[in-house]
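Q: Right, I'll just put the structure down here and ask away after.
The values are calculated or read from the model by the stated rules, or taken from the named source; none is laboratory data. For clarity, every value in this text was computed on a predicted model and none was experimentally measured. Note: ideal-geometry Cβ built from the backbone for every residue, glycine included; neighbour counts use all protein chains shown. Ligands, DNA and RNA are stripped out before the accessible areas are found, and what is left, the full protein with its side chains, is counted by its heavy atoms. Shrake-Rupley method; radii C 1.70, N 1.55, O 1.52, S 1.80 Å.
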Amino acid sequence: MFPNSSNLGRPPFPSKHQQQSNFFNVLPINIPPTLLSHQQTVVPPLNFRAAVLSRALLSGNLAATPAVTSTATLQPMTYGNVSPVSTSGALTSFQGRKRHKEQSVSHNVKRQRIDSKNSDTTVVNQAVPLPEERQHSFPGPVSIQSPSFLARGSPALARCVPPLRDTLFPDPTEARLPLAKDELSQQVLDLFQACRQQASDLNSKELCRTELQREIQLIFPQSRLYLVGSSLNGFGTRSSDGDLCLVVKEEPVNQKTEARRILSSVQKLFSTKLSSYIERPQLIRAKVPIVKFRDKVSYVEFDLNVNNVVGIRNTFLLRTYAFIENRVRPLVLVIKKWASFHEINDASRGTLSSYSLVLMVLHYLQTLPEPILPSLQKNYPECFDPTMQLHLVHQAPCTIPPYISKNGSSLGDLLIGFFKYYATEFDWSHQMISVREAKAIPRPDGIEWRNKFICVEEPFDGTNTARAVHEKQKFDMIRGEFAQAWRVLRDKKDLKCILPLRADELKR
């Protein structure tokens, strides 16, 4: 899954002594690069009719796909024991996915995601069990394991971060949730259960990523397409968009020039060849430019960037925080829903991004008198080294044990405390939120921090993730919502008083 069906056995970025002009080193030994034609692909072959059928089944849209003959079978994504180069005569493209016109859906309507049959079991402070160990060999001199089937390592280490799995056949094991000690805590848990991303949602995104990667590699043969952000970091909801990072080379890419040129080519591909399956591709010329589009099969909205590799690294840092303590995910999801309901969770409108909100929650949990979270970058610097090669990043969480905190606060108490901290205690004018340091630190004297209303440090590159909040009116609105939420919850202790969502809104 990260990325699934990619030739992970050959690292996207070879180690220093292996690096040659052939960036991804995908060709077998003794085969010159010139033999790789535009019809050949660097990923294992995938049965697209089967993939489309599986996506329809997962999204409940079987009627939207054309009839599939009885010979078509649903196949799992291939991870190993395959040739690094497909020598088929022609690359199979997006076939048989066009939706009948009478079954089209309004652009403004997101698909109703189906419930997962898996549910969280209430267990306190228990690490997440791993599925049975499954080894896969990969081509090349070194045999490594797929990120979906991580090795157990030292048996003495108790793990809490579940490995990435083959998303078409997810393991039934799920993360454990804390016990609800009061009514407010139970409301938090209920909301989390209703809104959290389901396995079917992730499957749809991953299958779309797999198909898009094959098409994009016809233009950029050495590229890799990564699924990042909330889809993988443990904080996704049913309505979470998909974030994609297209890595075209190891070196940094100029986001103002080169990235825009690459994205223009991708947008053209989406608007022409893939127009029957991808709709509304739009190039957004932001500081980190993206192409926004929607997959017509799953109705999922996607944002695709080029070489913003810090997003790959922080995805797995946040994924580790999400699972080392079982109160983190429910708390983060409820706060994201609250912020969205009160319209302070949209960086494009000058308020807080979801990433900034997650970092704010983690920071609060780190700064309690009895912390609930540590600084992972301080405690495990080798696991979160910002210079680590990308093909190793997914392995970082697999040996980190659960964090056992002496703080027994309930989810309800932590939610009230979060709002109180940012309403009355945090010094917005002089302090910066730092998850890396696990504390509030003085603002730097750089231009990026000067005259900014909210400063949230990005854990890897040190930039300000809350730079979108550049108007005092928006900042005052954000602070006002925090203060109001604290006062109401302190007095009422009822989540509905600050987040009055109906059942149909919860599912969205």
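Q: May I ask you to evaluate 6.51 cos²θ - 1.76 cosθ + 1.60, the Karplus curve with θ = phi - 60°, for each residue of region 348-355 and list the ³J(HN,Hα) values in order in whole Hz, giving x for glycine and proline?
A: Here the 3J(HN,Hα) series is 5, 10, x, 10, 7, 6, 4, 4 Hz.
Q: Roughly how far apart, in whole Å, are the Cα centres of region 422-473 and region 210-257?
A: When both Cα centres are located, 27 Å separates them.
Q: Assign one of three labels to region 170-275, namely rounded, prolate or oblate, based on the Cα gyration tensor with a ≥ b ≥ c the square roots of its eigenvalues; rounded applies when a/c is under 1.5, prolate when it is not and a/b is larger than b/c, and oblate otherwise.
A: Verdict is prolate for region 170-275.
Q: Over the Cα atoms of region 312-497, compute the convex hull volume and normalise it per residue, giving Å³.
A: 118
Q: Here is a further query. Which whole-Hz ³J(HN,Hα) couplings does region 244-260 yield from phi under the Karplus relation 6.51 cos²θ - 1.76 cosθ + 1.60, θ = phi - 60°, glycine and proline marked x?
A: 10, 10, 8, 9, 9, 6, 6, 6, x, 10, 5, 5, 7, 10, 5, 4, 5
Q: Which far-off residues, 5 or more places away or on another chain, put their amide H under 5 Å from the one on Leu177, with H placed in the peptide plane?
A: Under 5 Å from the amide H of Leu177 lie the amide H atoms of Thr121, Thr122, Val123, each far enough along the sequence or on another chain.
Q: Using a 7 Å offset from the Cα along the Cα-to-Cβ direction at both Asp413 and Thr463, what is the distance between the two label points in nm, to one decimal?
A: For Asp413 paired with Thr463, the spin-label model returns 3.9 nm.
Q: Roughly to the nearest percent, how much of the accessible area of region 312-497 is carbon and sulfur, given a 1.4 Å probe?
A: Carbon and sulfur: 49 percent of the exposed surface of region 312-497.
Q: Treating only the Cβ atoms of Lys and Arg (+1) and Asp and Glu (-1) as charged, compute the dipole magnitude of region 198-308 about its Cα centre; round to the nearest 20 debye.
A: Approximately 380 debye in magnitude.
Q: Another question, then. Keeping all protein chains in place, calculate the accessible area per residue for region 270-378 (probe 1.4 angstrom), answer in Å². Could you put the intermediate results ahead of the total?
A: On the way: 3200 Å² over 109 residues.
Here the per-residue accessible area is 29 Å².
Q: Which residues' amide hydrogens lie under 5 Å from the amide hydrogen of Thr237, considering only partners 5 or more residues apart or on another chain, with H built in the peptide plane?
A: Gln197
Q: May I ask which residue of Ile284, Ser298, Cys208 lies farthest towards the positive end of the charge dipole of region 198-308, with charges of +1 (Lys, Arg) and -1 (Asp, Glu) on Cβ and the Cα centre as origin?
A: My answer, from the dipole projection, is Ile284.
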